[in-house]
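Asks: Questions regarding the structure given below will be posed in turn.
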Amino acid sequence: MAKRKLTSLRSVLLRYLFLCGGGCALILVLWWVIFMQLINSGFLLPAVASAQACADARETVAAVTAETFDSNQISDLCRWAVVQNDTVLQTNMDDRHLKIALNAFHGSGNLGYTQYQYDVKMADGSFCLLQYDYATPYADPALRDTLPDFQTCYMLLLALLVIAWLGWQTHCTVRVFAAETACLHRAVDAIAAQQPERIDADGAHLREFSATLHAMQTMGRELTDSLQSQWRMEQQRAEQIAALTHDLKTPLSIIQGNADLLAEDALSADQQTQVEAILRGTDRAQQYLAALRTACAPSAAGETFSSHILVSTLAETARALCAPAGVQFVLDEQWQGTLCAAQCDLLRAAENLLDNAVRYTPRGGTVTLLVTKEKQDFILRVTDTGPGFTAEALARAGELLYTEAARSDTAHQGFGLYFARRVALSHSGTLRLSNTPGGCAELRLPICEQIEK
């Protein structure tokens, strides 16, 4: 397969600058050619025409008086006003131009950049103010009276044409970058879906974006391999634990059976105490094995059910746990709806959170179960008034067989939070632990989202 020819980002930007600058220069040249053609064709007069008309009018008005002044002898390219003793006798100026002319006559000097004025003294001592614009007027007087000033319209149209050209080139360049960034967005989505093979590294046409896509493809492939390797290790560990629990079940049953037989015989007090210790030990070992089987069991299938049914069951369990411990239970059910999840797993995970909260809440304290909804997430939050989590527990709680040394007891084997975390992950959710300042465990799951198998 032939190697694709890629364009550099620098080339795209230089092309953009060249087209913008070159296009504007070409527009100016063509505009100037059109302008000169309009003058050569007689549609427009050159800019010096008004100046020449006023220069000719100076000699005419200097030889007449205010009474003998004849406006027909002055070109309509000139604006004029006859002033005698600061009184305007006659004029063809509008109010704005007349004000400008009088201010200039009295020395205020407020003429525009293209306006010029001659103050001509007439034969009787009066003054004729001749004013003209250094601009290109229409050759036809009728057009000058009906159409807007040509030079203003000409410059405005030129500016609009330049802006339109720059806008079009910017739009085309933005489309190039939008197409490249779309490739990046698709690559990110593919990585998020753990499908790096969907990344089209050859879809980009810019060298820098293509290199980024190749890097993302490599990163996605390595990330997927790492996740698969981690999953295989988890599966292998679960299988080893399951095999171990199965192998331990038989000798424990033998020990427990023989201890039961011994307990039925007439034994001395010391022997009876020893047999009872053996039975307690085997019961505890059976509990540990049951917890291991629960932690390593596959996730249950998802089903649709009412959240209120789940919450009602949890409330009954919580009250049963709190009553013997002298702890008050508070239920705050702010949302009711439909969930799609493994109901048994979710129930057991929530019961583990409640059991942990009750166990570490001192007598007279409070355990609160909050059920609510945020955006599209179902939230089940258990808080207590106990001492809260240590920094180590916040960092490691949820790991298999982890127990905090300060809180270790015979009934706590490190499976509760691990199982709750595994249930959250299997539902594309999260388990969050925090201190408020007491302990807080929050189970957050997407609402009506099909769980992963």
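Asks: What's the total number of residues in segment 91-104 that are open to solvent by less than 70 Å² (accessible area, probe 1.4 Å) and either within 26 Å of PRO141 (Cα to Cα) or modelled with pLDDT of 90 or more (or both)?
Replies: Selection size over segment 91-104: 7.
Asks: Take TYR154 and decide whether it is open to solvent by less than 70 Å² (accessible area, probe 1.4 Å), within 28 Å of PRO46 (Cα to Cα) and not in a strand (DSSP E or B).
Replies: Taking the combined requirement at face value, the residue satisfies it.
Asks: Counting just the residues of segment 334-365 that are closer than 16 Å to LEU445 by Cβ and acidic (Asp, Glu), which one comes out nearest to the chain's Cα centre (by Cα)?
Replies: Filtering segment 334-365 for residues that are closer than 16 Å to LEU445 by Cβ and acidic (Asp, Glu), the one nearest to the chain's Cα centre (by Cα) comes out as ASP345.
Asks: Given the criterion among the aliphatic types (A, V, I, L, M), more than 30 Å from SER41 (Cβ to Cβ) and in contact with a Cys (Cβ under 7 Å, 6 or more places away or on another chain), identify the matching residue among LEU166, LEU184.
Replies: The match here is LEU166.
Asks: May I ask you to verify whether GLN228 is over 20 Å from LEU19 (Cβ atoms), free of Cβ contacts under 8 Å to residues at least 40 places away in the same chain, of a type in the set (S, T, N, Q) and part of a helix (DSSP H, G or I)? Spell out the reasoning first.
Replies: Details: over 20 Å from LEU19 (Cβ atoms): yes; free of Cβ contacts under 8 Å to residues at least 40 places away in the same chain: yes; of a type in the set (S, T, N, Q): yes; part of a helix (DSSP H, G or I): yes.
Answer is yes for this residue.
Asks: Could you grab me the full set of residues in segment 46-68 that are assigned to a helix (DSSP H, G or I), of a type in the set (A, V, I, L, M, F, W, C) and open to solvent by 60 Å² or more (accessible area, probe 1.4 Å)?
Replies: VAL48
Asks: Being assigned to a helix (DSSP H, G or I), more than 30 Å from CYS78 (Cα to Cα), modelled with pLDDT of 85 or more and open to solvent by 50 Å² or more (accessible area, probe 1.4 Å), is that true of even one residue in segment 105-120? Spell out the reasoning first.
Replies: Step one: list which residues in segment 105-120 are assigned to a helix (DSSP H, G or I), which gives 105.
Checking which are more than 30 Å from CYS78 (Cα to Cα) leaves us with none.
Looking through segment 105-120, none of the residues is assigned to a helix (DSSP H, G or I), more than 30 Å from CYS78 (Cα to Cα), modelled with pLDDT of 85 or more and open to solvent by 50 Å² or more (accessible area, probe 1.4 Å).
Asks: Hey, another quick one. Tell me which residues, restricted to segment 161-204, are over 15 Å from LEU9 (Cα atoms), open to solvent by 70 Å² or more (accessible area, probe 1.4 Å) and among the β-branched types (Val, Ile, Thr).
Replies: Within segment 161-204, ILE163, VAL188 meet the criteria.
Asks: Now a separate question. Quick one: which of SER11, SER71, SER41 is over 27 Å from TYR118 (Cα atoms), without any contact (Cβ under 8 Å) to a residue 24 or more places away in the chain and surrounded by 11 or more Cβ atoms within 10 Å (Cβ to Cβ)?
Replies: SER11
Asks: Then there's this: Give segment 79-89 a look and list any residue that's open to solvent by 60 Å² or more (accessible area, probe 1.4 Å) and free of Cβ contacts under 8 Å to residues at least 24 places away in the same chain, or say none.
Replies: Correct list: ASN85, ASP86, THR87.
Asks: Any residue in segment 45-60 that is at pLDDT below 90 and polar (S, T, N, Q) sitting within a Cβ distance under 7 Å of a residue that is loosely packed, with under 15 Cβ neighbours inside 10 Å and not in a loop (DSSP other than H, G, I, E, B)? List the pairs, counting only those 6 or more apart or interchain.
Replies: That search, which allows pairs on different chains as well, returns THR60/GLN73.
The values are calculated or read from the model by the stated rules, or taken from the named source; none is laboratory data. As the structure is a prediction and not an experimental result, all values here were calculated from the model. Note that each Cβ is placed from the backbone with ideal geometry, even for glycine, and that neighbours are counted across all protein chains shown. Quick note on the areas: whole protein, heavy atoms, side chains included, nothing else; ligands and nucleic acids left out. Shrake-Rupley method; radii C 1.70, N 1.55, O 1.52, S 1.80 Å.
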